[in-house]
Amino acid sequence: MRRSRSQETSVNLEDWSPSSFLGSSQRPPPDQLFLIFRINRSSPALSSLISKKQQEGVGSTTTKSLRALAVLGAGVSGLLSFATISYCDEAEHGLDVPNYPWPHEGILSSYDHASIRRGHQVYQQVCASCHSMSLISYRDLVGVAYTEEETKAMAAEIEVVDGPNDEGEMFTRPGKLSDRFPQPYANEQAARFANGGAYPPDLSLITKARHNGQNYVFALLTGYRDPPAGVSIREGLHYNPYFPGGAIAMPKMLNDGAVEYEDGTPATEAQMGKDVVSFLSWAAEPEMEERKLMGFKWIFVLSLALLQAGYYRRLRWSVLKSRKLVLDVVN
């Protein structure tokens, strides 16, 4: 028999409060359960429980929002710090130089000897007035950029202090093949005095002494430009973004037509930079061609030895691998 709504409302709800049936095994009838919870929402215990859950939900939502904002702030701070570090690193170490396709960088590639000769001419007419090459002798140029007669004539143009003679005195003589390139200054103090306190480095190993040496030297020689807005360069210095700090004491030395090549090659700024870098690369590593050739020879010989070893292995082991063993179980 179905109950009426008036009978449902006459149920004693105090006996079925949440505190009474949660701690016991008795449960109210299904048709009274919804009515109990709907009515008991007005009770203090259940109201406090509901308000506590709502506060916890609001609190968890706020916590999640704060966490999301913290993660976002950390990401933005990381990006800004990375940009600041990159900018400071660029200002301290100079702008990253591009990579240029040098013709002698291949595994079996050799130097462009015509470029080495032109680079030596650029060094003599442009660089030698300030920079030394104390590790290079005139005889090193024989067979690389000049003939022996040309090199002897070139060395004879300089005067070398030699001695002592039989009387114990120093004397001067014409240069010879065994002499090294002349020094532009007598000592470091004289070099710094003539260049406003800056010391021009020796160029014998410059492409090995600098990171990414060939590309760095070329970018430095051809990278002079006007300072950007907001950058001030003190008097006596010049702006070059590839130099650490951006301010360099050496002025722009390579200008179109600064030298006149013997072979008629147009002496543009880029051409002179490429030639002098080729010459400096050879000066820092004159044995590169011989080393590559020797390495190719060794690889070829070792390849033949490997083939011979493989053939010998198959020859010796073929008898053992192809034999058959017969087991006589009777005898």
If I ask for residues that are among the basic types (Lys, Arg) and surrounded by 15 or more Cβ atoms within 10 Å (Cβ to Cβ), which ones from the range 177-194 would you list?
ARG180
Of all residues making up the range 260-294, the number that are hydroxyl-bearing (Ser, Thr, Tyr) and open to solvent by 10 Å² or more (accessible area, probe 1.4 Å):
3
Can you spot a residue in the range 221-242 that is under 30 Å from HIS113 (Cα atoms) and assigned to a helix (DSSP H, G or I)?
yes
Matching residues in the range 196-213 (in contact with an Asp or Glu (Cβ under 9 Å, 6 or more places away or on another chain) and surrounded by 19 or more Cβ atoms within 10 Å (Cβ to Cβ)) number 1
Name the residues in the range 140-199 that are assigned to a loop (DSSP other than H, G, I, E, B) and of a type in the set (Val, Ile, Thr), would you?
VAL144, THR147, ILE158
Residue that is aliphatic (A, V, I, L, M) and in a loop (DSSP other than H, G, I, E, B), where the choices are VAL276, VAL259:
VAL259
Checking the condition in a loop (DSSP other than H, G, I, E, B), among the aliphatic types (A, V, I, L, M) and open to solvent by 60 Å² or more (accessible area, probe 1.4 Å), which residue from LEU307, LEU327 passes?
LEU327
Consider the range 132-159. How many of its residues are open to solvent by less than 30 Å² (accessible area, probe 1.4 Å) and in contact with an Asp or Glu (Cβ under 7 Å, 6 or more places away or on another chain)?
5
The residue from GLY75, GLY106 that alone is assigned to a loop (DSSP other than H, G, I, E, B) and modelled with pLDDT under 95 is GLY106
Top-ranked residue of the range 214-235 - restricted to ones that are in contact (Cβ under 8 Å) with a residue 12 or more places away in the chain and charged (D, E, K, R), ranked as most open to solvent (accessible area, probe 1.4 Å)
ARG234
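The values are calculated or read from the model by the stated rules, or taken from the named source; none is laboratory data. Note that the structure is a prediction, hence the values are computed from the model and not measured. Backbone-built Cβ (ideal geometry, glycine too); neighbour counts: all protein chains shown. With ligands, DNA and RNA removed, areas are computed over all heavy atoms of the protein, side chains included. Shrake-Rupley method; radii C 1.70, N 1.55, O 1.52, S 1.80 Å.
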